[in-house]
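Report on the following structure.
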Amino acid sequence: MEFATIEYAVSGGVARITLNRPESANSMNKQMAHDLMMAAIACDEDPAVRAVLLTGAGKMFCAGGDLKSFHSKGDALPSEIKEMTVYLHGATSRFSRMNAPLIIAVNGTAAGAGMSLAVSGDLVYAARSAKFTMAYTAAGLSPDGSSTYFMPRLIGLRRTQELMLTNRVLSADEALEWGLLNGVHEGDSLIGEAQTIAEQFAAGPTRSYGSVKKLLNDSFTNSLETQMELEARGITDAARSRDGKAGIDAFVNKRTPDFTGE
């Protein structure tokens, strides 16, 4: 599968997506948003994809929206942005609701939509040199890309307000301390560490991971009783799956389970 603004390849159960506009700091334009949506659909529909690793090419992860491109649209910009957010939000929705875990390796600065994308992963790791800033209000804009959903859940309302209203820049270590990241690595080891984790997920019980993702995504809006009913249905479905049966059998017989994602 070939795209204009990203690289996409599947190997060993891991789909690797690389934002590939390094000459423009991997900034987000309509084409990249569309490419991400199509890649997300491919990941969601391909049973061979059991984990997804997303990163950026070059020194930046993603500098946010391509403001030069926005400026060139003139009075047509609102329509351009409306279409672009359809694609970007479609990508985030698919990534969030697919069974395969999404691991994001933030190789450099993540600003605006880049930060929104970065923190939306199931597991997020960053190079120690990475920086994070919302940046939207500095350009007279407001956030998109799911950050107003995920960030209050990850770090609380007060800290989210600070980041979105003041555009405070967080270092990778600060982002880890605040709870936006799962880990920080030296730049030359980041991708290798993230790849190792993706490969571990690719060998795991994919449907079980999907159930975890769904339960957590819904937990802030459901009542206790609704959430427990969904838990009961989720574990029941897992118990009847091939991997559920294999996992229980392996535990009882004291051996390593062979999960196939089924």
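Nothing in this text is a laboratory measurement; each read-out follows from the coordinates by a stated rule. Quick caveat, the model's predicted, so the values are computed rather than measured. Glycine gets a Cβ as well: all are built from the backbone with ideal geometry, and neighbour counts include every protein chain shown.
Okay, here's what the table says:
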read-out: Prolate/oblate/rounded label for segment 136-176 (Cα gyration tensor, a/c 1.5); value: oblate
read-out: Partner lysines for K214 [C-alpha distance under 23 Å; skip if fewer than 8 residues away on the same chain]; value: K245
read-out: Diffusion constant of segment 111-171 at 10 °C, which comes from Stokes-Einstein with the Kirkwood Cα-pair radius and 1.306 mPa s, µm²/s; value: 137
read-out: Unit charges on C-beta of K, R, D, E only; dipole of the chain, Debye; value: 240
read-out: Label-point gap, in nm, between E45 and N217 - each point 7 angstrom along Cα→Cβ; value: 1.7
read-out: Amide H contacts of L53 (H built 1.01 Å from N, under 5 Å, at least 5 apart or other chain); value: A15, R16, I17, I103
read-out: Local electrostatic count, T137, Cβ distance below 14 Å [Lys/Arg +1, Asp/Glu -1]; value: -1
read-out: Contact order normalised by residue count of segment 6-202, Cα under 8 Å, 6+ apart, percent; value: 22
read-out: Where trypsin sites (Lys or Arg not before Pro) in DSSP loops with at most 15 other Cβ within 10 Å are excluded, longest remaining stretch of the chain; value: 169-253
read-out: Calculated FRET efficiency for the pair K82/T166, C-beta based, R₀ 22 Å, to 0.05; value: 0.20
read-out: Integer Hz, Karplus 6.51/-1.76/1.60 couplings in order for segment 205-220, x for Gly and Pro; value: x, 4, 5, 5, 4, x, 5, 4, 4, 5, 4, 6, 4, 8, 5, 7
read-out: Shape category assigned to segment 167-261 from the gyration tensor of Cα positions, a/c cut at 1.5; value: oblate
read-out: Low-density loop cleavage sites - GluC sites (Glu not before Pro) in segment 1-91, where at most 11 other Cβ are within 10 Å (DSSP); value: E2
read-out: Kirkwood hydrodynamic radius of segment 1-55, from inverse mean 1/r over distinct Cα pairs, in Å; value: 11.3
read-out: Estimated FRET transfer efficiency (T236, R97; beta-carbon r; R0 25 Å; 0.05); value: 0.80
read-out: Cα-based Rg and Dmax for segment 6-202, where Dmax is the largest Cα-Cα distance (Å); value: 15.6, 48
read-out: Overall Cα dimensions of segment 206-252 - principal axes, largest extent first, Å; value: 35, 18, 14
